[in-house]
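Only one structure is covered here, and it is reproduced in the block below.
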Amino acid sequence: MCELCGKEEETSCHLFWFCDHARGVWTSSKLVLQFEISRSWNFLDVVENLQRREQSYPGLLEKVIMVCWSIWKNRNALQLGGKGKAGRSLVRGALYLEGESGSGSGEVKKLKLYSFRWSTCSFRVRIALNFKRLKYEYKSVNLSKGEQFIPGGTKTSKF
């Protein structure tokens, strides 16, 4: 049972989108998703839909991930007996971190993240990169089509 609202089972979809607490956060965010989230989806289903729309809505994926990260951190703080933050405060902090990602005085070489869209590992790497405010270039690699074996593709890895 969700410890924040006590209404439903705490799935990732409920926690990030349908819990009363999450709804308050998203309402204060003013971010608009161009699709409807189904209660049967998991978090990666939402990420996949955002990735498909990255060309039309650049930066939206990163903003959504940072807001979700804030919801998660706030949930953990409340669960451990700490003081939670209001929705507006969570959004402000998340969008500040997203906006500041990669900023600095010197020019930094942009990282390249080669990823398969369903990889939970690269999803966690993207969260960490955003949290550390590192800019990166996303390069999609379709493992089911064997794109990792194309000529020159193996030269990108040091392993």
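Annotations for the structure displayed:
- With respect to the chain, whose longest principal axis is taken over its alpha-carbon atoms, helix 87-100 is tilted by about 20°.
- In the chain, helices alone account for a calculated mean residue ellipticity at 222 nm of -13000 deg cm²/dmol, with every DSSP H run of four or more residues adding -39,500 (n - 2.57).
- Listed by Cβ neighbour count within 10 Å, with the fewest neighbours leading, Ser122, Ser89 appear as Ser89, Ser122.
- Between amide H atoms placed 1.01 Å from N, distances below 5 Å from Tyr114 occur with Lys139, all of them 5 or more places distant or on a separate chain.
- Calculated percent of Cα pairs over 22 Å apart (choose from (i) 42; (ii) 48; (iii) 55), label: (ii)
- Each Lys and Arg contributes +1 and each Asp and Glu -1, all at the Cβ; summed about the Cα centre of the chain, the dipole is approximately 580 debye.
- Counting beta carbons within 10 Å around each of Arg75, Arg92 and listing the fewest first gives the order Arg92, Arg75.
- Too-long pairs where the Cα-Cα distance tops 32 Å, listed order kept, from Lys7/Lys83; Lys7/Lys135; Lys7/Lys145; Lys30/Lys139: Lys7/Lys135; Lys7/Lys145
- Degrees separating the helix 120-131 axis from the principal Cα axis of the chain, which is the longest one: 70 degrees
- Length, then width, then depth: along the principal axes, the Cα atoms of the range 1-50 run 28, 23, 12 Å.
- Once the chain from Cys5 to Asn76 is taken as fully extended at 0.36 nm per residue, the excess over their C-alpha distance is 24.2 nm.
Each value in this text was obtained by applying a stated rule to the coordinates, not by laboratory testing. If you're wondering where the values come from, they're calculated on a predicted model, not measured in any experiment. Counting neighbours? That spans all protein chains shown, and the Cβs are built from the backbone with ideal geometry, glycine included.
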